[in-house]
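The values are calculated or read from the model by the stated rules, or taken from the named source; none is laboratory data. Because the structure is a prediction, the values reported are computed rather than measured. Here the Cβ positions follow ideal geometry from the backbone for every residue, glycine too, while neighbour counts run over all protein chains shown.
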Amino acid sequence: MPHPVSHEPDHVLITGGAGYIGSLLTGVLLNAGHHVTVVDDLLFGGESLLAYWHHPRFRFVKGDVGDSSTLRAAGGQLAVGNRDPEAYQAIVHLAAIVGFPACQMVGPQVAWRYNVEATKRVFEAANNAGVARLVFASTYSNYGLSADGKPVTEESQLNPQSLYAETKIAAEQYLIEQGKGTGCAPILFRFATLFGVSPRTRFDLIINQFVLEALTRRKLVIYQRGYARSFVHVRDVCGAIELALAAPLERVRGQVFNVGADDGNYTKDQIVELVRQHVEGTEVEYKDLTFGGDMRDIRVSFGKIREALDFVPQISVEQGVREVRDALVQGIIRDALDSRYRNAQFIVQ
C-alpha cells in the first residue's frame, strides 16, 4: 500500500521539460491536476510540447537555466527573496547535457557549466524562493564498474568512468551538503538506462537504438557483449518522480534513490535476443571495443526506493521493445534517424 501523502504540490517547474523525460512528465503532471511550467532552451526543438500548448495549467519559458535571467523569467517565483505563496512548490531539475558521448563532445568546461554550475543556480534560487523540494536527475553511471559483481546499492562506492558521471557526482555532492541546512529538500534519483517512447523519444539509448537498427539495417553490431546494465521505462521514471513529489519530506530529504526494477538487469546479449524475437531477420555481429567510453558493467539494487516510496515499475523491457518497434513500424515516428533524436549530436551554441 502507498504511504500517506503529506504534501501534493500544485505548481511544478520542470527544467529541460522538452526533453525525453520532461516532455512525458509534463503531460503526466497536467493529467494529475498540477500546474506545470517548463523551462527549456529547445536545443532539440519544442515539438514535444505542442500537445500541451493550449492547456490552461501549462506555461513555457525559453532559456538556459544556468542564466539567472531565465530563472527570473520563469514567472518571478524564483527571484531571490520572493516568497510569494503562489510560487512553485517543487522543481524537477532535468536540464543537463545527458550521456557520455554528448559530454565528451562539448568538453569538460561546457559539461561542468551545464551539469554542475546550473544545478547550483537552480537550487540556490529554489531555496531562496521557499520551494519545498527539488528532484534531481542523476544516473547509475556514477557506479561505473562493479568490483565484486554484486548489485550496487545507494551506499556503494562511486567509480565514474565518464565525464558525464563525474559532473553528476559533483552536482549530487553539492545538493546533499546544501540540503542539510536549507529549507529546500533535495531528492536525488539515479536513473537506470531509460527506454520506451515519449513525445521526444531518444534513439541513442541501448534498447531504443537496437530496435531502430534492427528495423532499418536488419543488423546489430555489438560491443561489450557480456556487460550488464539496468533498464527502466521512461513512463515508470515519471511515476517515480510523482511519488517523490508527494512523499513526506522527512522521508526523502537529502536521500539518494536508484530508480529502476530488479528484473530490469540485463546483459547486452539478453537485450539482443529480445530484439531478435520481436524483429525477425535481425543479424548480429560482435566486435571488440577499441575505444574508451562509459565502461559500465553493473547490476543495480532498487530495494531502497521500493521500501521508501512503494515504487514498483510497471513496464517490462520486453514490452518496451514491442512498443518502440510498433511506433516505428506503424509510422508514428517517421524520421527516427534524424540527429535530433540523439543527445550525442549536441551542438554548442
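Here is the figure for the stretch 105-149: residues that are of a type outside the set (Ser, Thr, Tyr) and assigned to a helix (DSSP H, G or I) total 22.
In the stretch 291-344, the residue that is modelled with the lowest pLDDT out of those that are under 18 Å from residue 265 (Cα atoms), in contact with a helix residue (DSSP H, G or I) (Cβ under 8 Å, 6 or more places away or on another chain) and aliphatic (A, V, I, L, M) is 298.
Confirm whether residue 33 is small (Gly, Ala, Ser), assigned to a loop (DSSP other than H, G, I, E, B) and at pLDDT 90 or above. Yes, satisfied.
Before we move on, is residue 281 at pLDDT 80 or above and either β-branched (Val, Ile, Thr) or part of a loop (DSSP other than H, G, I, E, B) (or both)? Taking the combined requirement at face value, the residue satisfies it. Among the residues of the stretch 60-99, those that are buried (at least 19 other Cβ atoms within 10 Å of the Cβ) and modelled with pLDDT under 85 comprise 66, 70, 71, 74, 75, 77, 78, 87.
The set of residues from the stretch 167-183 being modelled with pLDDT of 95 or more and in contact with a helix residue (DSSP H, G or I) (Cβ under 9 Å, 6 or more places away or on another chain) comprises 167, 168, 169, 170, 171, 172, 174, 175.
Picking from residues in the stretch 29-59 that are crowded, with 18+ Cβ neighbours inside 10 Å and aromatic (Phe, Trp, Tyr), the one that is nearest to residue 12 (Cα to Cα) is 58.
Screening residue 219 on (1) touching a helix residue (DSSP H, G or I) at 6+ places or on another chain (Cβ under 8 Å); (2) closer than 25 Å to residue 97 by Cβ shows it passes everything except condition (2).
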